[in-house]
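To start, the structure under review is shown below, and the notes come after it.
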Amino acid sequence: MATIANQPRCDVCGNKLVKNGKNSAGRTRWRCKNCGASNTVSRPDITAKKQFTDFYRWATGKLSITELGTPRRTFHRTTAWCWQVQPHLEPTGEQHRYLMLDGTYFNGYCALTAFNGRHIIDWQFCDREKVASWTLMLQRMPPPQVAVIDGNGALESVITALWPEVKIQRCFFHIRQTMIKHLSLNPRTVPGQQLLTLTRALMKVETKEEADHWAEQFYQWRSMHAVTLKERTYAKGKSVARPSYVRPDQTWWYTHINLRRGEKLFHGLLKKEQLFQWLDLASVGEVLPRTTSPLEGGINAGIKDQLRLHRGLTPQHSIALVRWHLYQYVENPKDPWSFVQQQHWAEKPKPKIINDDSIGPVLYDKHFSWHDGNGVQKGWGGR
């Protein structure tokens, strides 16, 4: 029977069909008054929409396949075509006040995301955070006024090259984590303990006056321990333990290397003016972000949660699931069904072409062959 949205017609004579009860499966039976032909009318578009709706609920929600009410093997078979559907963003050209830029890793891939504090602006999938991948995403959007980043070197270099007028604000959370990595939570030296105290005080800065006072305290600490920061250890035979980061031919190295790394971190951020842009650029009553936590703790953490609920996916399917997860956070998202086209669900697998030249006796195979005397033996083995 032909499939027409409003009124089905007979394939034999072309007349309109009328309802004639239901068959044993509960489907509506249609009958032609002219020729008497009777059959059911199928709507593959409605079936595909139901399959895609179940797939979208499963991919973006917390329900398991069993909770959807569909057998597992049936669900995977009927929704296999849904993995081909991909949501896409249409660039608006809007310039945002600030953007949080970050990347999160999953299943050997990385998702780069741009977040304006309320919605996802754009995303890019890559193997890792590098100049090429960040350039590909950032060149698709107009530059914001402030970019909040976690300190990735490739991202900072791309922002400097593509958006030279954009101010960079380093994430306070990542600054704290990096400083703890250098000093640990229990430094053994007095300068290290004081620098860790300055790090904790940085997290409590709320006004420009407090920011200026903190910077003054840091420079005082730097001047006070200038001699300690320049202390060297010289290699004198095999009696001096050589650290792992020291080259075999190196004759000296800095004694307090981790303390120097912490000092260089703060000094570099103050010199490049990437520490208090959230205070310097804020207007009266405005609060600019100083961390990427809204992006990492909200959207990126949700990516990991979804992949944990749907563990076992292939890398390609993981990317498709992450793409649907990110699309939920865009501004004014469309109906997911609007991305589905007929070729997605109507495409049939192509028949396998067999070359006649390849047909012939199998020299090596794992199946039994009657010609080799391998078959089902009948009778009593002891006779």
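The values are calculated or read from the model by the stated rules, or taken from the named source; none is laboratory data. As the structure is a computational prediction, the values presented were derived from the model and not from experiment. We place every Cβ from the backbone using ideal geometry, glycine too, and count neighbours over all the protein chains shown. We work out accessible area using only protein heavy atoms, side chains counted, and drop any ligands, DNA or RNA first. Shrake-Rupley method; radii C 1.70, N 1.55, O 1.52, S 1.80 Å.
Just to be sure I understand, how many residues within the stretch 59-88 are over 17 Å from residue 313 (Cβ atoms), open to solvent by less than 40 Å² (accessible area, probe 1.4 Å) and out of contact with any helix residue (DSSP H, G or I) (no Cβ under 7 Å at 6 or more places or on another chain)?
Final tally of qualifying residues: 0.
Whether any residue in the stretch 41-57 is more than 30 Å from residue 303 (Cβ to Cβ), over 44 Å from the mean Cα position of the chain (by Cα) and small (Gly, Ala, Ser) is what I want to check.
So far as the stretch 41-57 goes, no, none of its residues is more than 30 Å from residue 303 (Cβ to Cβ), over 44 Å from the mean Cα position of the chain (by Cα) and small (Gly, Ala, Ser).
One residue is enough: does the stretch 144-156 have a residue meeting the conditions open to solvent by 20 Å² or more (accessible area, probe 1.4 Å), closer than 29 Å to residue 335 by Cβ and modelled with pLDDT of 90 or more?
No - not one qualifying residue is present in the stretch 144-156.
Among (1) of a type outside the set (Lys, Arg); (2) more than 21 Å from residue 318 (Cβ to Cβ); (3) in contact (Cβ under 8 Å) with a residue 40 or more places away in the chain; (4) surrounded by 18 or more Cβ atoms within 10 Å (Cβ to Cβ), where does residue 51 come up short?
In the conditions (1) of a type outside the set (Lys, Arg); (2) more than 21 Å from residue 318 (Cβ to Cβ); (3) in contact (Cβ under 8 Å) with a residue 40 or more places away in the chain; (4) surrounded by 18 or more Cβ atoms within 10 Å (Cβ to Cβ), residue 51 misses (2) alone.
Do you know which residues across the stretch 14-42 are touching a residue at least 24 places away in the same chain (Cβ under 8 Å) and open to solvent by 70 Å² or more (accessible area, probe 1.4 Å)?
Across the stretch 14-42, the qualifying residues are 34, 39.
Scan the stretch 308-324 and report the pairs whose first residue is buried (at least 16 other Cβ atoms within 10 Å of the Cβ) and whose second residue is in a helix (DSSP H, G or I), with Cβ atoms within less than 6 Å and a gap of 6+ or a chain change.
Filtered contacts from the stretch 308-324: 320/83; 321/59; 322/303; 324/59; 324/60.
Report the residue count in the stretch 325-346 for those that are open to solvent by less than 80 Å² (accessible area, probe 1.4 Å) and either of a type in the set (A, V, I, L, M) or in a helix (DSSP H, G or I) (or both).
Total satisfying the criteria: 12.
Can we say residue 268 is crowded, with 17+ Cβ neighbours inside 10 Å, among the small types (Gly, Ala, Ser) and under 20 Å from residue 199 (Cα atoms)?
no
Give the residues of the stretch 120-143 that are open to solvent by less than 30 Å² (accessible area, probe 1.4 Å) and assigned to a helix (DSSP H, G or I), sorted by residue number.
Within the stretch 120-143, 133, 134, 137, 138 qualify.
Can you tell me which residue in the stretch 113-149 is farthest from residue 100 (Cα to Cα), limited to those that are among the acidic types (Asp, Glu) and in contact with a Leu (Cβ under 8 Å, 6 or more places away or on another chain)?
Within the stretch 113-149, the match that is farthest from residue 100 (Cα to Cα) is 129.
Do you know which of the residues in the stretch 160-174 that are open to solvent by less than 50 Å² (accessible area, probe 1.4 Å) and touching a residue at least 24 places away in the same chain (Cβ under 8 Å) is nearest to residue 137 (Cα to Cα)?
Only one residue tops the list, namely 163.
Being among the hydrophobic types (A, V, I, L, M, F, W, C), open to solvent by 60 Å² or more (accessible area, probe 1.4 Å) and over 34 Å from the mean Cα position of the chain (by Cα) is the filter here, so list the residues in the stretch 183-208 that pass it.
Answer for the stretch 183-208, where residues must be among the hydrophobic types (A, V, I, L, M, F, W, C), open to solvent by 60 Å² or more (accessible area, probe 1.4 Å) and over 34 Å from the mean Cα position of the chain (by Cα): just 190.
When you look at residue 278, is it surrounded by 14 or more Cβ atoms within 10 Å (Cβ to Cβ) and over 18 Å from residue 57 (Cβ atoms), yes or no?
yes
I need the full set of residues from the stretch 87-108 which are touching a Ser or Thr at 6+ places or on another chain (Cβ under 8 Å) and either closer than 16 Å to residue 299 by Cβ or of a type in the set (D, E, K, R) (or both), in order please.
Listed by number, the residues that qualify are 100, 101, 102, 103, 104, 106.
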